[in-house]
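Notes follow once the structure below has been shown.
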Amino acid sequence: MHDRDLDQRLIAILKQAPLRMHVFEIVRSLALPDWAVGAGFIRAAVWDALSGYTIASPVDDIDVLYFDPGNRDPRHDETIEQRLRDRDPALPWSVRNQARMHIRNGDDPYASTADALRFWLETPTCVAARLDTGGGLEILAPYGLQDLFSMSIRPTSRGHARRAEYIARITEKRWHERWPNVTIELP
């Protein structure tokens with residue numbers, strides 16, 4: 001299957017998930033620069049669909065990403081989180097400006113939100129999406145979508161370099177308990 005086919009498959013899954021579309025609409029309304037919603041919010045929707053689950057997995061947090069090198073103050077993220085809570089207080093919002101996250105992670109500066117995704121630890125988490133003004137979804141996936149759709153957890157180059165963190169995340173998240181068909185590759 002070509003990446004374009006997987007993109008379309010992911011878009012179809014997200015568009016059939018009312019909560020996901022609700023979140024995309026709320027975040028789009030803030031007009032953040034280079035924004036996307038990613039990580040487990042996307043991964044869980046796909047793995048639930050692939051597993052045939054009719055009840056969506058609980059959402060631990062909603063990772064809202066944006067890229068604004070002109071305002072790297074972490075308090076700005078808190079302000080955005082409050083704006084999101086004002087629109088839907090029941091949702092667990094988590095906002096991070098990717099223009100400053102390289103500092104916390106000890107990386108060279110990221111060039112964009114999509115570039116920041118390359119530095120996450122496992123490939124099926126390095127996926128995000130955003131809703132354009134016409135209602136279409138744009139997918140950001142620097143490692144492609146094959147691992148996401150094959151339910152394979154593999155380390156990125158950063159996951160290899162930070163092996164202990166990668167293993168700790170897998171242990172903590174316990175994805176294999178919720179989705180027994182998941183396969184895990186250790187670095």
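General remarks:
- Filtered residues of segment 115-149 (kept if more than 12 Å from the chain's Cα centre (by Cα), among the polar types (S, T, N, Q) and within 25 Å of A31 (Cα to Cα)): T133
- Cβ pairs under 8 Å, 6+ apart, first in segment 60-85 and closer than 11 Å to A99 by Cβ, second among the small types (G, A, S) and not in a helix (DSSP H, G or I): L65/A36; L65/G38; L65/A128; Y66/A36; F67/S112
- Here A12 fulfils each of the conditions (1) within 16 Å of the chain's Cα centre (by Cα); (2) assigned to a helix (DSSP H, G or I) apart from (1).
- Pairs where the first residue, in segment 106-119, is farther than 17 Å from R130 by Cα and in contact (Cβ under 8 Å) with a residue 12 or more places away in the chain and the second is outside any helix (DSSP H, G or I) and among the acidic types (D, E), C-beta under 6 Å, 6+ apart: F119/D107
- When I62 is tested against the conditions (1) in contact with a Lys or Arg (Cβ under 8 Å, 6 or more places away or on another chain); (2) buried (at least 19 other Cβ atoms within 10 Å of the Cβ), the lone failure is (1).
- Residue within segment 42-60 that is part of a loop (DSSP other than H, G, I, E, B), farther than 18 Å from G136 by Cα and touching a Gly at 6+ places or on another chain (Cβ under 8 Å) present: yes
- Test: residue in segment 83-96 that is under 15 Å from the mean Cα position of the chain (by Cα) and closer than 18 Å to D132 by Cβ: no
Here's the yes/no breakdown for (1) touching a strand residue (DSSP E or B) at 6+ places or on another chain (Cβ under 7 Å); (2) surrounded by fewer than 17 Cβ atoms within 10 Å (Cβ to Cβ); (3) farther than 29 Å from V182 by Cα; (4) modelled with pLDDT under 95:
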{"residue": "D34", "(1), (2), (3), (4)": "yes, no, yes, no"}
{"residue": "R43", "(1), (2), (3), (4)": "no, no, no, no"}
{"residue": "D48", "(1), (2), (3), (4)": "no, no, no, no"}
{"residue": "T54", "(1), (2), (3), (4)": "no, yes, no, yes"}
{"residue": "R75", "(1), (2), (3), (4)": "no, yes, yes, no"}
{"residue": "D88", "(1), (2), (3), (4)": "no, yes, yes, no"}
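- Matching option when the condition is touching a His at 6+ places or on another chain (Cβ under 9 Å), surrounded by fewer than 18 Cβ atoms within 10 Å (Cβ to Cβ) and either touching a residue at least 40 places away in the same chain (Cβ under 8 Å) or among the hydrophobic types (A, V, I, L, M, F, W, C) (or both), among I184, I153, I167: I184
- Within the span defined as segment 122-134, one or more residues are acidic (D, E), exposed (fewer than 14 other Cβ atoms within 10 Å of the Cβ) and farther than 22 Å from E165 by Cβ.
- Taking residues in segment 129-141 that are of a type in the set (A, V, I, L, M, F, W, C), and partners anywhere that are in a loop (DSSP other than H, G, I, E, B) and surrounded by 10 or more Cβ atoms within 10 Å (Cβ to Cβ), the pairs with Cβ atoms closer than 8 Å and at least 6 places apart or on different chains are I139/V127; I139/L145; L140/V127; A141/C126; A141/V127.
- Enumeration of residues in segment 133-158 that are modelled with pLDDT of 95 or more and part of a loop (DSSP other than H, G, I, E, B): G136, A141, P142, Y143, G144, L145, S150, M151, R154, T156
- Qualifying positions in segment 10-22 - of a type in the set (A, V, I, L, M, F, W, C) and either in contact with a helix residue (DSSP H, G or I) (Cβ under 7 Å, 6 or more places away or on another chain) or modelled with pLDDT under 95 (or both): L10, I13, L14, A17, M21
The values are calculated or read from the model by the stated rules, or taken from the named source; none is laboratory data. What you see is a predicted model, and the numbers here were worked out from it, not measured in a lab. Neighbour counts are summed over all protein chains in view; Cβ atoms, including those assigned to glycine, are modelled from backbone coordinates with ideal geometry.
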